[in-house]
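Only one structure is covered here, and it is reproduced in the block below.
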């Protein structure tokens, strides 16, 4: 049980749902009229390796955060209290080693270095984030947000490398009439995940100020103060509602009534996320522990809505 708490199974489940949601969306929307190579076992291995790297990142983050966690969340302290430090580091490297071997196998099979590069980059970024960059103003936040946004793009890379040079699927094969797949929703989800997670990371820093002071970290709330940091969170959360408003103004005026209803059905997830973000911005006012925790959970729920949207589009767009 303590080990499960250490690797944060809910966060790992969200990664799985995200990757399989995009997988389902691409095959459901485009697979009905295009021949797409998507080996189920290979994709499972990709998801598994990603989960292993994320679990290893959670372990190494707690490994370097023992001192701060004794102040910020003593009731959740696991390493040194329930699991020895040496076992934590051995597990971390074991997870990363298995994930990297999977990346080598997939890269060799699909004749690409992209998967090895992305896995190696993620492993090293999580290590240096935990050891050094999380103590730097905004740099650590941007790194974690970037890695979160990378998850949808990793699925996109898998689809591209498994089809590019594969006879019978590739657009470079003159006997194949495969058209380009529109990955715009995947790109949008990646940007959305980056912005939302950046906002959440700043809220978490507001929660952890006391412990961060103990380890000489320089988080955004320690430099600007909590109120100004939460103002940045508000701006980040308003990006998506403003985008939806702009899209509605540009698109809906020129639509017929039938097209309008079709577009409205497609835009339901966007509308729900925009409303949820706007309500969260309204709720953010004075800071205290309870409210900061609430903001954190609300942003998590909104990110879950973004994941659910991939399944929604997979069902309704075809």
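The values are calculated or read from the model by the stated rules, or taken from the named source; none is laboratory data. Quick caveat: nothing in here was measured; it's all calculated off a predicted structure. Cβ coordinates were reconstructed from backbone atoms using ideal geometry, including for glycine residues, and neighbour counts include every protein chain displayed.
Overview of results
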item: Test: residue in the stretch 159-179 that is at pLDDT 90 or above, under 25 Å from the mean Cα position of the chain (by Cα) and in a helix (DSSP H, G or I); result: no
item: Condition check for residue 61: at pLDDT below 90, in a helix (DSSP H, G or I) and surrounded by 17 or more Cβ atoms within 10 Å (Cβ to Cβ); result: yes
item: Total residues in the stretch 78-108, condition surrounded by fewer than 16 Cβ atoms within 10 Å (Cβ to Cβ) and modelled with pLDDT under 85; result: 5
item: Residue tally, condition within 20 Å of residue 95 (Cβ to Cβ) and either at pLDDT 85 or above or in contact with a strand residue (DSSP E or B) (Cβ under 6 Å, 6 or more places away or on another chain) (or both), over the stretch 132-157; result: 7
item: So residue 299, is it in contact with a helix residue (DSSP H, G or I) (Cβ under 8 Å, 6 or more places away or on another chain), part of a helix (DSSP H, G or I) and at pLDDT 90 or above; result: yes
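Matching residues to (1) closer than 25 Å to residue 18 by Cα; (2) surrounded by 14 or more Cβ atoms within 10 Å (Cβ to Cβ); (3) modelled with pLDDT of 90 or more:
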{"residue": "206", "(1), (2), (3)": "no, yes, no"}
{"residue": "215", "(1), (2), (3)": "no, yes, no"}
{"residue": "236", "(1), (2), (3)": "yes, yes, yes"}
{"residue": "270", "(1), (2), (3)": "yes, yes, no"}
{"residue": "311", "(1), (2), (3)": "yes, yes, yes"}
